[in-house]
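Asker: Before I ask anything, here is the structure I am working with.
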Amino acid sequence: MDPHLLTLIKLSLIFAVKALVARGLSGGADPPVTHTLRIHCNQSLLLLEMERCGERFTADMKQIHPDDRCNLTHFIREYHMFSFCTEVNAERIGCFWPNPQVERFIIGLHQRFFSNCTLDPLVFLDPPEHTLTLLILIPVFLTLGMVALVVWSSKRSDVLA
């Protein structure tokens, strides 16, 4: 018997067995379609829950000295708990998180507690002349070297062929 015909028969047999196994594992039918109940976002309840989370955060922030409010290491735990509270409550109520109402609430708290934490704007300076020259010339020479290598290689392959 022809070895190619034997290989073809083996492959078709393997595909047939795999199809039967896949059909048997899935029960031969498509899985049933389940309809999920969509809960609509209750904006007023969401606002009440955000205020409750905000009250806890405000109480925690009162324990932190105002000079330390710009140092994240002093209040990271409190901020994490506030963020977690807003996320869990928004999802429990059936709202997306973050959503515009939650964002407005969080921005209000940021303005209240962190408005004096602005940093001085960074002033970017040009690098020194020799550094700039190196940053320009290295890619130029690498490109020229690669082009020369390709040209040399193409000429050499003509000789080898």
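The values are calculated or read from the model by the stated rules, or taken from the named source; none is laboratory data. The model shown is predicted, which means the values in this text are computed figures rather than measured ones. All Cβ positions, glycine included, derive from the backbone under ideal geometry; neighbour counts span all protein chains shown. SASA here: full protein model, heavy atoms, side chains in, ligands and nucleic acids out. Shrake-Rupley method; radii C 1.70, N 1.55, O 1.52, S 1.80 Å.
Asker: Taking a probe of 1.4 Å, how large is the accessible area per residue of region 33-161, in Å²?
Answerer: 82 Å²
Asker: May I pose another question? What is the distance, in nm, between label points placed 7 Å from the Cα along the Cα-to-Cβ direction at PHE84 and at TRP97?
Answerer: Here the answer is 1.1 nm between the modelled labels.
Asker: Could I ask something else about it? Cβ under 13 Å from LEU135's Cβ, LEU135 left aside: what net charge do those residues give with Lys, Arg +1 and Asp, Glu -1?
Answerer: On the way: positive: none; negative: ASP126, GLU129.
Charge balance near LEU135 sits at -2.
Asker: Please list, in order along region 108-114, the HN-Hα scalar couplings obtained from phi with the Karplus expression 6.51 cos²θ - 1.76 cosθ + 1.60 (θ = phi - 60°), rounded to whole Hz, x for Gly and Pro.
Answerer: Residue by residue, region 108-114 yields x, 5, 4, 5, 6, 9, 10 Hz.
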